[in-house]
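The values are calculated or read from the model by the stated rules, or taken from the named source; none is laboratory data. The shown structure was predicted, so the numbers you read here are calculated from the model rather than taken from an experiment. A quick note on method: Cβ atoms are made from the backbone with ideal geometry, for glycine too, and the neighbour counts reach across all protein chains shown. Please note that ligands, DNA and RNA were not included when accessible areas were found on the heavy atoms of the full protein model with its side chains. Shrake-Rupley method; radii C 1.70, N 1.55, O 1.52, S 1.80 Å.
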Amino acid sequence: MKPQNALSLTILAAFLCMVGPGIALGQTGVSGTVTDEEGSPLPSATVLLLNPTDSSLVRGGITDENGWYHLQNIEPGTYILSVSMVGFRRHHTEEFALKEETLQQERIQLRESVEQLGTVSVTARKPLFEQKIDRLVVNVQRNITSSGNSALEVLEKSPGILINRQSNSISMNGKTGVRVMINDKVVRLPIDAVVQMLDGMSAANIEQIELITTPPAKYEAEGDAGLINIKMKKYGELGYNGNIGGNLGYSSDAVMGGNLNFNYRGTKLAYFINYSVNYNQTENRWYNERTLQQNGFEEIVRSDNYRDPVVDVQNARLGLEYNLNTNTTAGFLFTGYRRKWVTDDLSDNLVHLGPDSTLIAEMAVRETNHWRKGMANISLAHSFNKERHLSIDVDYLFYKHDNPSLYQNSFVEGNMDLMDNEAIDVEKKTPINIWVSRIDYKHDLSSTFKLGAGVKGTFSSFNNDLKISDQIQGKWMVNNSLTNEADLTEKIGAGYLSGNWTPYDDLQINGGLRYEYTNRLLNTSTDGKVVDRSDGYLFPSFFIKKELTNEYRIQASYIRRITRPSFNDLAPLVFFVDPRTFLSGNSNLKSAISDGFKLDLLRNQWSVSLQYSYNNNEIARWQPVIDTATNEYTYIAQNLDYLQTYAVTTSFPFSPTKGWNVQTNITGRYQRYKTSHLPENVILTAAGLTANVTNTVDLSNDISFEISAFYQSKSIWGMMQFSPLGSVNAGIQKRIGDGKGTIRLSMDDIFYTNTWRGNINVPQVHLNSLWKYDAHLQQVKLTFTWNFGNNELKGVSVESGSEEEQGRVNTN
């Protein structure tokens, strides 16, 4: 038996020994009923448990059909309850003390509202960050400078997250194996495609971002760094609501966008419509220089790319939910995505390969990058009773990618023999089809033990048709050495079992085991079958939380994850950056397996975390390969032998004075890794620091001001070493129209410091490379949002089971 499988079975056995004797025990909490003045129960009333000192939200819930509420897992202390429902006056209880038991409150009676209550001064304001047993929650709507931004820009300001806009990649706590989810469903695109999609998605309807470093077993095991879950707004009650908004800004050119969200819920039918459009025209610059020592001479290749892209992105979602009966609900979800990126670039190139061989040339680039996506989902959810629930999902996804490019060379001076073609024409078409089916079952065996199980199957087919032609002496000729067609099929089957056990009021234990089997087949027109691989892995997870005192608690976890190569990582195709710089796939890539451990100590909203992970065969993208004969440079994904990461994170809020709140999050890390693809592999180390600080000041009841900053010290990405970077952002907002409307003015990257710089040094081949990528992230933006309808409306819970499949397709 493999050591990793033996460890998995040992952990599973230990978990089953603990959960086996699970019996019903009480939980610390608050419970009671809510009625109208005549004593009739009020279902779906909102019940909030608040801290009486600052009105911050501690726990929340809604009443059931009998008007009953039960808020659980609450630390002993002094609290108040705030109860509200449309058509009734908000009710606040007196302060009460909660001890180590479940407190039964007296019946709360709500009075009908004749007019809107506008004099209540107690409000429930969530903290910016909330630490939970397996994730850090960022409450996006608490952040003024996030207004008018894209989902990517909001994510970029989240603790421990680093967005590399040069390679369109995301890292979390120094690790790149990240999967992105929307409403608990993984977006099945390669991470560079996800970056582009999020950059065109309006953040107006984002409620929270969850940074899940230790995902439970119900989630797929893909993504060794963890999951980023973007949660959209949800509501309560019947009726309709929505919001409409727009933004206008300036970076190096115009930035504008708009969004519409409409929700309706009736007794049987509910539906929602989301639409957003974003237009962006800004400048990019990519400077790249490399030197290679050859026979006592320093060869030089230098390129300076000026980009002026026009980006038009549209997103649309339509969801319907229909109650077939009191226990069964059918759901339908349709999504559409279109992104068109068009640019006319100019690249200045210098090639100096010898004392008498120098070429200076200009390369004009006309590139269109057009992605279209459609998805249809049908789901069925059935509740056998209050304890047992079953859900079924079937999805179909289709992607179409057109990426034509024309590279036109013009020679300024020098040896033209170094550039053997006058122009390069690239035609690239990529259709992708994905089918997904999923079944999940949940069973609350008792008030203290909950069981979950499920199975899932995925079938993906991918075709990448690349045709490259060279213009030589005015004639176009197909380049047979680079023209290629790749077909990939992939089948993934998975099953999981998970449990949640609360044996005592102050102890919670979660655990699970997941198994995934993958079969992957990749064929190309030039090389035939290049990948035919099958593998299966067990993925255990274990979490434990213990309340130490009224204020302190401690948590620990272990989890195993996997990062599979994306489709474009595997396809052995070549793409041009400039005449001597290319991007290529690597059909020899292996999946990376990660084992991670985490220990947290928490005191109210303050937390400190210790983390350790070991990644075997870590995938490092955009790694350099040099052809010493031609000084041609290829970026390619490579497996590292291993990557070790040690990290410590602390998060703490404080208030210097009334109305001024400061939230700080700091992560320090040390990483050690070994290469596996160099002639002489080396062990390298790096230490780094990431910090996020957000200051919010309430200038009045309607006006707030915010200033935030983030800093990232020197970091690594395989062989790449990045220089420190950061930004300072500020914003001010005013609420208008009795709180229905909001106007915000914000500025990102005030001091123009969010620019990527780095270098690559490979002593084994005497290569040194340095580069700079400026995405021009400094911008000023004015945003307006207006809410209408019933803000307590319950959201439509139609969600796709295949959005987990959308993380491995390249839409950049």
Just one listed residue, out of 679, 724, is of a type outside the set (Phe, Trp, Tyr) and over 17 Å from residue 159 (Cα atoms), and it is 679
Examine region 758-766 for a residue that is modelled with pLDDT of 90 or more and either part of a strand (DSSP E or B) or within 28 Å of the chain's Cα centre (by Cα) (or both), and state whether such a residue exists.
no
Just wondering, is there one or more residues in region 427-443 that are over 25 Å from residue 527 (Cβ atoms), modelled with pLDDT of 90 or more and of a type in the set (Asp, Glu)?
yes
Quick count over region 377-395, residues being within 21 Å of residue 431 (Cβ to Cβ) and over 22 Å from the mean Cα position of the chain (by Cα), is 1
From the list 524, 518, exactly one residue is closer than 30 Å to residue 378 by Cα and either in contact (Cβ under 8 Å) with a residue 40 or more places away in the chain or within 24 Å of the chain's Cα centre (by Cα) (or both). Which is it?
518
Hits in region 640-675 (condition: open to solvent by 60 Å² or more (accessible area, probe 1.4 Å) and not in a strand (DSSP E or B))
658
In region 288-305, which residues are open to solvent by 50 Å² or more (accessible area, probe 1.4 Å) and at pLDDT 85 or above?
302
Subset of region 615-637 [modelled with pLDDT under 90, part of a strand (DSSP E or B) and surrounded by fewer than 22 Cβ atoms within 10 Å (Cβ to Cβ)]:
622, 624, 625, 626, 627, 632, 634, 635, 636, 637
Which residue is farthest from residue 251 (Cα to Cα), if the candidates are limited to region 317-345 and must be in contact (Cβ under 8 Å) with a residue 40 or more places away in the chain and open to solvent by 40 Å² or more (accessible area, probe 1.4 Å)?
327
What do you reckon, is residue 626 touching a residue at least 40 places away in the same chain (Cβ under 8 Å) and more than 28 Å from the chain's Cα centre (by Cα)?
yes
Is there a residue being within 30 Å of residue 760 (Cβ to Cβ), open to solvent by less than 50 Å² (accessible area, probe 1.4 Å) and assigned to a strand (DSSP E or B) anywhere in region 680-689?
yes
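Kindly state which strands (runs of 3 or more DSSP E) lie completely within region 469-542 and contain at least 2 residues that are among the acidic types (Asp, Glu), surrounded by fewer than 19 Cβ atoms within 10 Å (Cβ to Cβ) and out of contact with any helix residue (DSSP H, G or I) (no Cβ under 7 Å at 6 or more places or on another chain). Write out each step before concluding.
Values: elements: 475-478, 484-504, 507-524.
Where strands (runs of 3 or more DSSP E) fall fully within region 469-542 and carry at least 2 residues being among the acidic types (Asp, Glu), surrounded by fewer than 19 Cβ atoms within 10 Å (Cβ to Cβ) and out of contact with any helix residue (DSSP H, G or I) (no Cβ under 7 Å at 6 or more places or on another chain), they are 484-504.
Yes or no: region 699-719 includes at least one residue that is among the basic types (Lys, Arg), over 21 Å from residue 783 (Cα atoms), modelled with pLDDT of 90 or more and open to solvent by 50 Å² or more (accessible area, probe 1.4 Å).
First, the residues of region 699-719 that are among the basic types (Lys, Arg): 714.
Within this subset, residues satisfying the condition of being over 21 Å from residue 783 (Cα atoms) are 714.
Filter again for modelled with pLDDT of 90 or more, leaving none.
Scanning region 699-719, I find no residue that is among the basic types (Lys, Arg), over 21 Å from residue 783 (Cα atoms), modelled with pLDDT of 90 or more and open to solvent by 50 Å² or more (accessible area, probe 1.4 Å), so the answer is no.
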With the structure loaded, tell me whether residue 65 is surrounded by 17 or more Cβ atoms within 10 Å (Cβ to Cβ), among the charged types (D, E, K, R) and outside any strand (DSSP E or B) or whether it fails that test.
no
Tell me yes or no: at least one residue of region 331-344 is among the basic types (Lys, Arg) and out of contact with any Asp or Glu (no Cβ under 7 Å at 6 or more places or on another chain).
yes
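Yes/no per residue for (1) within 30 Å of residue 469 (Cα to Cα); (2) basic (Lys, Arg); (3) at pLDDT 90 or above:
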site: 308; (1), (2), (3): yes, no, no
site: 337; (1), (2), (3): no, no, no
site: 358; (1), (2), (3): yes, no, no
site: 377; (1), (2), (3): no, no, yes
site: 394; (1), (2), (3): no, no, yes
site: 399; (1), (2), (3): yes, no, no
site: 406; (1), (2), (3): yes, no, no
Conditions (1) within 22 Å of residue 575 (Cβ to Cβ); (2) at pLDDT below 90; (3) open to solvent by less than 70 Å² (accessible area, probe 1.4 Å); (4) not aromatic (Phe, Trp, Tyr); number of the one not met by residue 368:
(2)
I'd like the residue in region 64-119 that is among the basic types (Lys, Arg) and more than 37 Å from the chain's Cα centre (by Cα) and, out of all such residues, is modelled with the highest pLDDT.
107
Only one of these conditions is not met by residue 209: (1) among the aliphatic types (A, V, I, L, M); (2) in a strand (DSSP E or B); (3) modelled with pLDDT under 75. Which number is it?
(3)
Determine which member of the set 466, 513, 451 is farther than 24 Å from residue 368 by Cα and in contact (Cβ under 8 Å) with a residue 60 or more places away in the chain.
513
